[in-house]
Amino acid sequence: MQSGRSRVIVEGAAPQVDGGRYPAKRVVGEPIDCACDLVSDGHDAVAGRLLYRRAGTKEWAEAPLAPRGNDRFGASFLATSTGRWEFTFEAWIDHFTTWARGLAKKAAAQQDVTLDLLTGAKMVAAATARAKSLVENEALSRAAALLGDPAMDLHARVAQATSPELARVMADNPDRSHASRLDEPLALTIDPKLARFGAWYEFFPRSSVGRASLEPLRHRTLREAEERLPYVADMGFDVLYLPPIHPIGRAYRKGPNNTLTAGPDDVGSPWAIGAAEGGHKAVHPELGTLDDLRRFVARARSLGIEVALDVAFQVSPDHPYVKEHPEWFLKRPDGSIQYAENPPKKYQDVYPFDFECDAWESLWTELTSVVTFWAEQGVRVFRVDNPHTKSLRFWERCIAEVKAQYPDTVFLAEAFTRPKLMYALAKMGFSQSYTYFTWRHTKEEFTEYLRELTRPPVSDFFRPNFWPNTPDILPEHLQYGGRPVFVQRLILAAMMSASYGIYGPPFELMEHVARPGAEEYIDNEKFQLRSWDVERPDSLAGLIGKVNRIRRENPALHDNRISFHHTDNPHLLCFGKRDASGENVVLCVVNLDTNHTHAGWVELDLPALGVQPHERYQVHDLLADARYQWSGTRNYVELDPRVTPAHVFRIRKHVRTEHDFEYFL
């Protein structure tokens, strides 16, 4: 409850999500801009501070609020560690500044300011008790004495009263006795940088690649999958995502291409989790042991790769939970456990958990312990399978408890579902989410969707991760578009979103044959072993490596701020990104028609790119290493998708040295 003598109202605080119900998201080391409206009666000056701290600590750090116009004020700070942080604003009437402004006006009008100076002397003298140092105390004491001394020259007293030096010291030691604050601090989740920026790669460790692809097909181990890590590192990926590595059930096991009957040698779906060998806290015996998993994680990290494990909260009929905790599952009228369904589809090899069961608390505790178990093994990144089919409140508690122990964890939601449900999962704590990128095609669709995702309020809590393909999704354009469309979708995903991923090796090998009647791969790795010749000369691995190097070397691509620029051809999409410093600027032009050459004029929003209207600049195509001199807003492009469907330009500004030497920076 604010005091009746607190005249400033603090409102419109940002960032906040749903009135402060959920924390906004930022990453460690990122400047966190905070702003609010400070509204007061009359014409008195107002001042304020941003207060911030890591949750659980007592002392607040402070930053002075600067005016931004129309009663809006703001400041920024750096969160130095991951975890939960909080901030608030404190504001008060700045009586000294109000007095000094009035004094200056009266003095300029040659009015008598004798009493005004005595009023000021009293305020400055009172500030000596608030001084943070002896130096400031002495400076304030001298100023108070000068202002209050009638024997001193009047002009000298006025000059002292209105000096920038005194204004600074008084601002540093304000009278906050009647300050206002927000009713409650606002929360922030500070994630590791990987939560905002990273390239993901998915592979099935049980399949064969490279030289192993020439050998007889057999189930590979984690030790053998280790040999694939340099290949992933050479392509520049930051995260390697593994589908579930647990024992696979035998009851109702699916055969190749999701057939209902499996043969004795069929390996089954990794998402049918659990068998006599163990459940969610076990490694499939044919993959290896927990020691092998820990070794795999350590080896990947030594190459700059974080391993992401799949969290799939469902079980096979053979899972130990079924016998040990039948109360966690929904029973049908005949007493059997309800298997998963998406009518008319039936998944008899999978039992879902009943999040409305009477034993929900023990269920929540056990499932949370699954995540912390793998965190104890060194895993910090989790891709969560179909989280939208589990309780939202469960995720809120689960993620909060995991992050309390391991604040550097990252959670990716595999939630292809309704937009508001996807956003709700992000508010519950998911660091990132899959998106509808896969099904966006036109300039209008991309522009509308990216503007929604990359601006507040959505950007304060939702981080997109763009995937051109997954084991479940082989979209129609990849089935029929050939190499140009694979290249186009790679560039769109990697340049539009700070986080993107591909399912490989099918993507870099441009696998495009779908199972009849389904938008997914034939002979799918979800149900059978596969062998991949990643050394094929037509592989996109080299291009992927170049794209990921471009991403790493250009900070503009490390977050999701984006500007769109007009083109006179509907098939040409132009967008730009600029880093926080304004120095690194990337501009992309993409031909959305991968069957035909298209040309046209792009009309650039130069201020959005940090370019002055009459400034010369160079566009350096980072894919082709070609350079072009551009000027003004209107410039010509032409893209043949059979050569390359996109330009990825770095804008280099013209520089002239003092010795009249010219170059582009």
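The values are calculated or read from the model by the stated rules, or taken from the named source; none is laboratory data. Values in this document were obtained by computation on a predicted structure and should not be read as measured data. Quick reminder, even Gly has a Cβ in these numbers, built from the backbone with ideal geometry, and neighbours come from all protein chains shown. Surface accessibility is based on the protein's heavy atoms, side chains included, excluding ligands, DNA and RNA. Shrake-Rupley method; radii C 1.70, N 1.55, O 1.52, S 1.80 Å.
If you go through segment 382-403, how many residues are without any contact (Cβ under 8 Å) to a residue 60 or more places away in the chain and either out of contact with any Ser or Thr (no Cβ under 7 Å at 6 or more places or on another chain) or hydroxyl-bearing (Ser, Thr, Tyr) (or both)?
11
The conditions are (1) within 16 Å of Arg561 (Cα to Cα); (2) assigned to a loop (DSSP other than H, G, I, E, B), and Glu448 fails exactly one of them. Which is it?
Status for Glu448: all satisfied but (2).
Quick one: is His620 over 25 Å from the mean Cα position of the chain (by Cα), modelled with pLDDT of 95 or more, part of a strand (DSSP E or B) and within 15 Å of Lys443 (Cβ to Cβ)?
No; evaluated as a whole, the condition is false for this residue.
Suppose we keep only residues that are surrounded by 17 or more Cβ atoms within 10 Å (Cβ to Cβ) and not in a helix (DSSP H, G or I) within segment 223-239. Which one would you say is farthest from the chain's Cα centre (by Cα)?
Looking at the filtered set, the residue picked out is Arg228.
Out of the residues in segment 182-216 that are under 30 Å from Val267 (Cα atoms) and small (Gly, Ala, Ser), state the one that is surrounded by the fewest Cβ atoms within 10 Å (Cβ to Cβ).
Gly210
Listed residues Trp85, Trp92; which is over 23 Å from Ala156 (Cβ atoms) and touching a His at 6+ places or on another chain (Cβ under 8 Å)?
Trp92
Quick one: Pro150 ticks every box in (1) over 51 Å from the mean Cα position of the chain (by Cα); (2) over 12 Å from Gly120 (Cα atoms); (3) in contact (Cβ under 8 Å) with a residue 24 or more places away in the chain; (4) surrounded by 14 or more Cβ atoms within 10 Å (Cβ to Cβ) bar one, so which box is it?
The failed condition is (4).
Tell me which strands (runs of 3 or more DSSP E) are completely within segment 300-379 and hold 2 or more residues being touching a Leu at 6+ places or on another chain (Cβ under 9 Å), or say none if there are none.
Ranges flagged: 306-311.
Could you tell me whether any residue of segment 418-439 is within 28 Å of Ala624 (Cα to Cα) and in contact with a helix residue (DSSP H, G or I) (Cβ under 7 Å, 6 or more places away or on another chain)?
Yes - at least one qualifying residue is present in segment 418-439.
So how many residues does segment 118-146 have that are over 54 Å from the mean Cα position of the chain (by Cα) and within 18 Å of Glu165 (Cα to Cα)?
Number satisfying all stated conditions: 2.
Kindly provide the set of residues from segment 421-445 that are assigned to a loop (DSSP other than H, G, I, E, B) and open to solvent by 30 Å² or more (accessible area, probe 1.4 Å), ordered by number.
Within segment 421-445, Tyr436, Arg440, His441, Thr442 meet the criteria.
Look through Ala79, Ala104 and report the one residue that is surrounded by 15 or more Cβ atoms within 10 Å (Cβ to Cβ) and either touching a residue at least 60 places away in the same chain (Cβ under 8 Å) or aliphatic (A, V, I, L, M) (or both).
Ala79
Is it the case that Ser499 is at pLDDT 95 or above and crowded, with 24+ Cβ neighbours inside 10 Å?
Answer is yes for this residue.
Being closer than 16 Å to Phe527 by Cβ and buried (at least 22 other Cβ atoms within 10 Å of the Cβ), is that true of even one residue in segment 276-298?
yes
Pick out the one residue from Lys58, Lys25 that is within 22 Å of Ala404 (Cβ to Cβ) and part of a loop (DSSP other than H, G, I, E, B).
On inspection, the qualifying residue turns out to be Lys58.
Under the condition of being touching a Gly at 6+ places or on another chain (Cβ under 6 Å) and in a strand (DSSP E or B), which residue from segment 544-569 is most open to solvent (accessible area, probe 1.4 Å)?
Filtering segment 544-569 for residues that are touching a Gly at 6+ places or on another chain (Cβ under 6 Å) and in a strand (DSSP E or B), the one most open to solvent (accessible area, probe 1.4 Å) comes out as Ser563.
Of everything in segment 451-472, what is touching an Asp or Glu at 6+ places or on another chain (Cβ under 8 Å) and not in a strand (DSSP E or B)? Give them in sequence order.
Val458, Pro471, Asp472, listed by residue number.
Give the residues of segment 175-219 that are of a type outside the set (Ser, Thr, Tyr) and under 17 Å from Glu535 (Cβ atoms), sorted by residue number.
Phe203, Val209, Gly210, Arg211, Ala212, Leu214, Glu215
Could you tell me whether any residue of segment 206-214 is of a type in the set (Lys, Arg), within 32 Å of the chain's Cα centre (by Cα) and farther than 20 Å from Trp467 by Cβ?
There is at least one residue in segment 206-214 that is of a type in the set (Lys, Arg), within 32 Å of the chain's Cα centre (by Cα) and farther than 20 Å from Trp467 by Cβ.
Every residue in segment 380-397 that is surrounded by 20 or more Cβ atoms within 10 Å (Cβ to Cβ), in a helix (DSSP H, G or I) and among the aliphatic types (A, V, I, L, M), please.
none
If you check Leu147, Leu154, Leu194, which single one turns out to be on the phi < 0 side of the Ramachandran plot and at pLDDT 95 or above?
Leu194
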